[in-house]
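Trainee: Before we start, here is the structure in question, set down as structure tokens.
The values are calculated or read from the model by the stated rules, or taken from the named source; none is laboratory data. Everything numeric here is computed off the predicted structure, so don't read it as measured data. Glycine gets a Cβ as well: all are built from the backbone with ideal geometry, and neighbour counts include every protein chain shown. Accessible surface is based on the protein model in full, side chains and every heavy atom, while ligands, DNA and RNA are left aside. Shrake-Rupley method; radii C 1.70, N 1.55, O 1.52, S 1.80 Å.
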Amino acid sequence: MKREHWVKGIESFRNVTFKKHEREYRELVKKGQSPRALFIGCSDSRVLPNLITSTGPGDLFVFRNVGNFVPPYKPDNDYHATASAIEYAAFELSVEEIIVCGHSDCGACKALYEDHSAHEHEMIHTIKWLELGRPAKELALHTVGDGDRADLLEATEKFSVIFQLQNLLTYPNVRKRVMEGSLYLHGWYYRLESGEVEYFDPESQEFLPLERDES
Ligand code: ZN
């Protein structure tokens, strides 16, 4: 049975982790959730928001999609999963922070440089979705060039985070709350190979290590 290989992990969670935090978890059911931040990350199986921030239940409202992209505000009659998560977090849950977290070795950013025309049918939604990474690709090619592939990819991944932050500001309620100072936006870059997180510093326009301020 396909179910079998999940049983061990689920039992272990229930008998060890859940048991250890049982009171906290029950309290969260009684009080309801009131997460501090909306975390928009990539669906990549190696990017685990709670793991990399050492957070637990109730701390983060998480939305993950291919490439951690944020489509611009588009109030039509279609189904918009990312937009709905943003709206719900910013309006209903009144989160104080939104984190857009890109990462190294991102398949979505790599895919921006691949030709998918042979799989147009099987990848129809992905091909469309990847358009959200195009401005980052263009800027990376313009500033870094295609001489060093690793540099090009890292630049694409990082520029993309900045473009997605800009897209976040197209949401009227996000923009309003950012302007009035009740909502703060973070752009992060997670390095799979070292576990380090860098943040986008709007002043220097650079990604800097996210670490304790020693001063
Ligand atoms: Zn990714």
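Trainee: With a ≥ b ≥ c taken as the square roots of the eigenvalues of the C-alpha gyration tensor of the stretch 67-124, please select rounded if a/c is under 1.5 and otherwise prolate if a/b is larger than b/c or oblate if it is not?
Mentor: It is oblate, given that a/c is not under 1.5 and a/b is not larger than b/c.
Trainee: DSSP H helices in the chain with Cα extent of 18 Å or more along the helix axis and mean Kyte-Doolittle hydropathy at least -0.5?
Mentor: The answer, listed by residue number, is 149-168.
Trainee: Give me the percent relative contact order of the chain, please, defined on Cα pairs under 8 angstrom at least 6 residues apart.
Mentor: 20
Trainee: Sorted by accessible area (1.4 Å probe), largest first, how do TRP129, TRP188, TRP6 line up?
Mentor: In descending accessible area the options line up as TRP6, TRP129, TRP188.
Trainee: Name the lysines eligible as straight-distance cross-link partners of LYS2: C-alpha to C-alpha under 29 Å, and not fewer than 8 places from it in the same chain.
Mentor: Output for LYS2: LYS19, LYS20.
Trainee: Also, I was wondering about something else. If you count only protein heavy atoms and use a 1.4 Å probe, how large is the accessible surface of SER84, to the nearest 10 Å²?
Mentor: Around 60 Å² of this residue is reachable by solvent.
Trainee: Give, as ranges by residue number, the residues of the stretch 108-145 whose backbone N falls under 19 Å from the point 7 Å along Cα→Cβ of ARG46.
Mentor: In the stretch 108-145, the label zone of ARG46 (backbone N under 19 Å from the point 7 Å along Cα→Cβ) covers 108-114.
Trainee: Quick check on packing: order 26-39, 102-115 by the mean number of other C-beta atoms within 10 Å, highest mean leading.
Mentor: By packing density, highest mean first, the sequence is 102-115, 26-39.
Trainee: Need one number: % antiparallel among DSSP beta bridges in the chain, to the nearest 5.
Mentor: Here the share of antiparallel DSSP bridges comes out near 30 percent.
Trainee: Hey, another quick one. Which of rounded, prolate, oblate describes the stretch 71-183, given a ≥ b ≥ c as roots of the alpha-carbon gyration tensor eigenvalues and a/c under 1.5 marking rounded, otherwise prolate only if a/b is larger than b/c?
Mentor: oblate
Trainee: Once Lys and Arg get +1 and Asp and Glu get -1 on their Cβ, which of VAL178, SER204, LEU153 lies farthest toward the positive end of the dipole of the stretch 148-215?
Mentor: The Cα lying farthest towards the positive end belongs to VAL178.
Trainee: Sum -39500 (n - 2.57) across every DSSP H segment of at least 4 residues in the chain, then divide by the residue count to get the 222 nm mean residue ellipticity, nearest 500.
Mentor: After summing the helix terms and dividing by the residues of the chain, the value is -10500 deg cm²/dmol.
Trainee: A follow-up question, please. Under unit Cβ charges (Lys, Arg +1; Asp, Glu -1), what dipole magnitude, rounded to 20 debye, does the stretch 35-209 have relative to its Cα centre?
Mentor: Dipole magnitude for the stretch 35-209 comes out near 420 debye.
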